[in-house]
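What follows is calculated from the coordinates using simple rules that are stated; it is not laboratory data. Please read all numbers here as calculations on a predicted model, not as lab measurements. Neighbour counts are summed over all protein chains in view; Cβ atoms, including those assigned to glycine, are modelled from backbone coordinates with ideal geometry.
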Amino acid sequence: MTKYNGRGVAAGVAVGRAVVAARDAHDVRYRLAASGVERERQRLRSARDRTRQQLEEISSRVSRTVGAAQASIFAAQLLMLDDPLLVSRADVLIRTERINADWALQRAIQELHDVFAREGDAWLSERVGDLADVSGRLQRNLRPDRDPLVDLIDELDPPVIVVARELPASVAAQLDWTRVRGLICEVGSPTHHTVILARSLGVPVVIGLSGASQAITPGQLLAIDGTSGEVVVEPTDETQERWMQRAELARAALAAFDDLSGKVAVTADGERVILEANLEIADEIARVIDAGAEGIGLYRSEFLLDAGHPDGAAEEVQTAVYRGLLSAMAPRPVTIRTFDAGEERGTGAWRTGGHRDRFGLRGIRAGLQHDDRFRAQIRALIRASASGTLRILLPFVTSSDEMRVARHMIVEIAREAGLSDQLAGIPIGAMIEVPAAALTTDALARNADFLSVGTNDLIQYTLAVDRTDERLAGHYEPMAPAVLRLLRLVAVGARAEKRPLSVCGEMAADPLLVALLVGLGFRQFSMTPSSIPVIKRALLTIDSRAARLLARRAVRASSAQMVHELLIPVADAMHAHATGLKGN
Amino acid sequence: MVERHAPVVNPLGLHARAAARFVHVAGRFASQIQVGRGTRMVDGKSILGLLLLAAARGTTLIIRADGPDEVAAVEALASLTARGFEDPA
């Protein structure tokens, strides 16, 4: 039994067998049941046959067009394909070590590379290149159509815990999450789409476990706690039983929450709090309603631009998606954030805000410059608005004037499309996610019908911390007094202009931070659906007057650590309440 | 079993294309073929094995064959080596 500690970013406890996806999920490793051996050998043979066919085709084409001498290099690759040290060696590994074909092939290749490296001399590069060519082709041919991880998880018996260096959102979107009970990543951040997705599906996630994809062997039994960040490899029977019980308790506690599901959220002293849901995928709407959300606080529309939706940005497709959302939630409000994506320079292709876009042309900036896309989205939103209660949220606003210009533009778009009447009743809000917006909230509020705080970005920009940078893992700190002071400014500014104010970043899903936010004056939160019952219960332990005193001390604290300490009694109260519930 | 020594004479040594030709010739014989330098021997019908020998110009290759056509095999492979694996000069 070995214990690791990472960072828990999606609550929950799970026990399951490890599936390891090293290097961007293209190198997948797992151990086979006896019955799986023949299938894997067959896959390897098929991959070899496909590879041979491709090499022969290339070879004859090159021979015809360039000459036999150049084609002979493919003859060498064909010989490598039949070499006892490559495919045959992998075949032996599948049989003797019962590992999947991808893993076996990787091992055989690695063995060869090791020897090459040991024997290393100046003119090895040509040979290594040929070997790399042929082995890369073989690996691709093992799974010609799909991402290996997707197929793999379909083949395995659940429950499965995926261990990856990093799980790309594109892969995550294809996974069968009913089989994946937990996720462990070496890097990543709680704001990574994969993590957000896992959370929205109630799957526990631990990140920041450097070297996990090497240290954890495929097939090992894992216990993972997505709250504490604990990972136990090959737990003893006793430990396993304890963790199973914890998983069971978590489920039981969730069942107990059902008692609250029909009730609105209130603090211990009866202050009304509105809890809404963040929505990633339109299909998740049933979960949102089940969780007791009073509306959608944030729908990230740029998901419509992802690879899986090639026509996602088409105006009529958008209209249909928005209509579906609005009518499913009606009469509850749905807040749709306009595309927060940058444009790939020169290609016209859109992409969601990645690393280089952090300070770039994104959000409303991109919307104002690339107005065709923005115009189409605004028209689609207005056309869909009759199906329910729509709120339009503009991302990445940095000044009151920018908001004014954007609103003016929206009015113009509506007028040109003959949609002015429909636009009249739709609130248009500003996302507060950069310090510039937070510092000028009162001015911004005069040009916005409502405000929504995106804490994830606000924290990154305020503290100058890139959350995807592992080296800075400890520096991202929602409880930093600087962040809390900005949030206080936002709350005060919104109140002065009597504008509805919501928090839709991750902070809203953390019960302790919600206590602080309530103390700072926030009364509306939007979070991943599975967090709603958790927050609803936590609120019952929070006295708004005590929270206000707490917040007042927190903003004057000298460090995040001090704020943590201030929150210890709050955590104790929540724990007592939770255990009290359990006793019933 | 028959054994012959043959010097590697072509400038590129036993590189990928040369090794391919070697394996091609070795494959015509039924005998088991071992090739080596110093104390290291590899399968003469394995291109990767041959590449791993990293036999540069000036290396002396040991060619061994064991089987029904061992004499002809060693003769053909030693000759190929001496001709610089038919590399264009």
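Descriptive notes on the structure:
- Taking B:Ala54, B:Ala78, B:Ala65 in turn, the Gaussian network model of chain B (Cα-Cα springs below 10 Å) assigns the largest fluctuation to B:Ala54.
- Distance from region B:1-70 to region A:519-567 (C-alpha centre basis), Å: 75
- Descending Cα extents along the principal axes, region B:2-86, whole Å: 33, 26, 20
- Rounded tilt (10° steps) of B:70-82 against the dominant C-alpha axis of chain B: 10
- Overall dimensions of region B:1-49, expressed as equivalent-ellipsoid semi-axes from the Cα gyration tensor (√(5λ), whole Å, largest first), are 17, 14, 10.
- Exposure proxy shown here: for A:Leu368, A:Leu183, A:Leu44, the number of other Cβ atoms within 10 Å sets the order, fewest to most, as A:Leu368, A:Leu44, A:Leu183.
- Distance between the pseudo-spin-label points of A:Met1 and A:Arg61 (7 Å out from Cα toward the beta carbon): 5.7 nm.
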